[in-house]
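Data block below; observations after.
The values are calculated or read from the model by the stated rules, or taken from the named source; none is laboratory data. What you are looking at is a predicted structure, and each value in this text was computed from that prediction instead of being measured. Heads up, the Cβs are rebuilt from the backbone with ideal geometry, glycines too, and the neighbour counts pull from every protein chain shown. Just so you know, the surface numbers come from the protein's heavy atoms only, side chains and all, with ligands and any DNA or RNA stripped out. Shrake-Rupley method; radii C 1.70, N 1.55, O 1.52, S 1.80 Å.
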Amino acid sequence: LSLVSINYGDIMRSGWAGTTEFVFEPNQEAFQASDVALQASYGRSLSDKFSLGGTAKMITQSIDDVTISGLAFDIGTQFNTGYRGIRMGAVISNFGPDVASQAPEDVSYEEFPGMSLPMTFSFGVIGEAIPGLNAGLNILKQADMGQELIVNGEYNISLASVRFSYNLN
């Protein structure tokens, strides 16, 4: 179980002043923003090589006087090949029903039917390249962005580890 809560505090509003003048006016007034996620996760090894896990989460985001909330799910799997520590894993995040908005009466979201959370798919392979160095390759596809290819690694030195990651895109 986990609870993630972020309160962004006071944020100054900026924007166009008036309806006839085209004057940009900073620091008009402050508003509040926050994010909350309540999550329950479960994972299990189905064999000595294959494991599966999932998370159900309730998410709420508030910006000024508009709040959206919804239910989302993540599911992941990992397969251990048994050769040189090579493991493969895949995750699908944020799939589920559309989110609901609780906007004030003077704000209309009819032009945004079926708002949904940005679904993400990730696939990765990692293994022991040389003794002490684990190296991997990840493919990340987010619903609203292009596909990303990421190389990463971890080198263990005695009691410390050095980690790196580089996005090839």
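Mind putting together the pair-distance distribution for region 45-101? All Cα pairs, 10 Å bins, whole percent per bin, short to long. Calculated over all Cα pairs of region 45-101, the distribution is 21, 34, 22, 15, 8, 1 percent. Computed over protein heavy atoms with a 1.4 Å probe, the accessible surface of region 26-169 works out to 66 Å² per residue. What the Cβ-Cβ distance of Asp65 and Leu149 gives, at R0 = 35 Å and to the nearest 0.05, is a FRET efficiency of 0.30. Given the chain, report the % of alpha carbon pairs whose separation exceeds 20 Å. Tail of P(r) above 20 Å: 69 percent of Cα pairs. With the full set of protein chains in place, find how many percent of the accessible area of the chain is carbon and sulfur; take the probe as 1.4 Å. Result for the chain: 59 percent of the exposed heavy-atom area is carbon or sulfur.
The distance between label points at Phe95 and Val4 comes to 2.0 nm (points 7 Å beyond Cα on the Cα→Cβ vector).
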